[in-house]
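Contents: one structure, followed by commentary.
The values are calculated or read from the model by the stated rules, or taken from the named source; none is laboratory data. All values derive from a computational prediction rather than experimental measurement. When we count neighbours, we look across all protein chains shown, and the Cβ atoms used for this are built from the backbone with ideal geometry, even at glycine. Side chains included, ligands, DNA and RNA excluded: accessible areas come from the protein's heavy atoms. Shrake-Rupley method; radii C 1.70, N 1.55, O 1.52, S 1.80 Å.
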Protein chains: 2
Amino acid sequence: MKIARPITALIESFSKLPGIGPKSAQRLTYYLLHVPQIQLDEFADSVMNLKKNTKLCSICKNISEDDPCPICTDPMRDKSLVMVVEQPLDILAFERTHFKGVYHVLHGAINPLENIGPDELYIDDLLKRVKEQESGRVSKAWPDKALVEEIIIATNPTMEGNATAMYLDKKVKIQNAKVKISRLGMGIPTGADLEYADETTLTQALEGRREL
Amino acid sequence: MKIARPITALIESFSKLPGIGPKSAQRLTYYLLHVPQIQLDEFADSVMNLKKNTKLCSICKNISEDDPCPICTDPMRDKSLVMVVEQPLDILAFERTHFKGVYHVLHGAINPLENIGPDELYIDDLLKRVKEQESGRVSKAWPDKALVEEIIIATNPTMEGNATAMYLDKKVKIQNAKVKISRLGMGIPTGADLEYADETTLTQALEGRREL
């Protein structure tokens, strides 16, 4: 049977999204057939304007409506503490904690299998942030820009994320030996069941144990 | 932290889709930030044109580019055998089998809790299909339209689907006592594990047993 082209077109578009298989794509498409046209137009507008109306913050490379982004311009944020993350989405997660420093988004992790090396990521920009301030050249545009004192590397605990963390550690220390570099603590997540924890996680939880 | 409005707008649109929670909506949105604008435009176009470029087939109420739809106009399909389904999506599933009859889409099932009664569904249109042909008024436009001889009710095996099947059975029989009405066979699905089958399914499998 020949399915109507407008339907197959949308099924195809949905199938390209991560985590949406052909069955889910069908289900979503047929669901949208019952939705008022105005809601479809709203949806289409959001998709079309997603990238048109956003830009990269020139300081931290987060995605934002303004450049620099609201976090980099917030006078209440501690500019001496920089958290390095892989993706802008990771910032959302940390913003739900009490973290009061600023961010640097790499937009990926070093992954030789997918041809993503340090040059494909915003690593140079991070080193420049450290160096600029090391040399005392505090930008006139951002007079409140403090020296970077600590970098927290919050890449994912995957092979790629760990490789990126090690690479950054080496590079930043060459640039500026005084910067303190840390990595997120590893161990058991809150609410987890010890019974199901894998041995790597348990080993890291043991190594990272803290006195009460 | 204030997230850029174009981002929150798309997250909101995705969250309205069935089976997509706030976390998945975030993930999909941030994924699309890495996608070329041309692919976003294609996606937006498919959403916008989904309903604009499709219509309901006036015979079977399936969604199609043409009216009547390709199935209703196909001379190879057996017009005397009508399969009644709840949704257009169900047709896709049956088209993967060797079913060679035609369809009738109800666009839902009777559900008093959600205020969906027989009048909200395309039930009258089904009865008209049966009646029109019973009275011998075979449409000139579709001379190959045979008398409806059998109706297979393929609503879902849920409370609503079963209620709809019983309602249809009664109504069709009042209209035309000669039409054969059947319901899809119930039992164990292929590949299932008997150990995990629920008792209703097992009871129905026993009732529906066939000689070898």
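Brief remarks on what is shown
- C-alpha long axis of helix A:22-32 to longest principal axis of chain A, angle in °: 70 degrees
- Other protein chain Cβ atoms within 10 Å, averaged over every residue that makes up A:89-99: 2
- The A-B contact accounts for roughly 5300 square angstrom of buried accessible surface, both chains included, probe 1.4 angstrom.
- Extents of segment B:21-71, largest first, come to 43, 26, 16 Å (Cα atoms, principal axes, whole angstrom).
- B:Lys16/A:Glu150 FRET efficiency (R0 56 Å; Cβ-Cβ; nearest 0.05): 0.85
- Rounded to 5, percent antiparallel among DSSP beta bridges of segment A:58-211: 5 percent
- Based on every Cα atom in the protein assembly as shown, Rg and the maximum pairwise Cα distance Dmax equal 29.9, 95 Å.
- Take each residue of peptide A:9-16, count the partner chain Cβ atoms within 10 Å of its Cβ, and average: the result is 5.
- Label-point gap, in nm, between A:Asp78 and A:Ile38 - each point 7 angstrom along Cα→Cβ: 4.8 nm
- Within 10 Å of the Cβ of each residue in A:19-29, the mean number of Cβ atoms contributed by other protein chains is 3.
- Pairs from A:Lys180/B:Lys23; B:Lys51/B:Lys173; A:Lys61/A:Lys131; B:Lys128/B:Lys180; A:Lys131/A:Lys170; A:Lys16/A:Lys171 whose Cα-Cα separation, in the structure shown, is over 25 Å: A:Lys180/B:Lys23; B:Lys51/B:Lys173; A:Lys16/A:Lys171
- Dividing the Cα radius of gyration of segment B:58-211 by its Kirkwood radius returns 0.99 for Rg/Rh.
- Over the residues of chain A, the helix contribution to mean residue ellipticity at 222 nm works out to -12500 deg cm²/dmol, using -39500 (n - 2.57) for each DSSP H run of at least 4.
- In this entry, segment B:1-143 is assigned a mean projected area of 12.7 nm², taken as a quarter of its C-alpha convex hull surface.
- Per residue, segment B:1-141 exposes 48 Å² of solvent-accessible protein surface, assessed with a 1.4 angstrom probe and all protein chains in place.
- Listed values for segment B:180-192 are Karplus-derived 3J(HN,Hα) couplings in whole Hz (6.51 cos²θ - 1.76 cosθ + 1.60, θ = phi - 60°), namely 7, 10, 10, 10, 4, x, 10, x, 7, x, 4, x, 6, and x replaces Gly and Pro.
- The long axis of helix B:123-134 is offset from the longest Cα principal axis of chain B by roughly 30 degrees.
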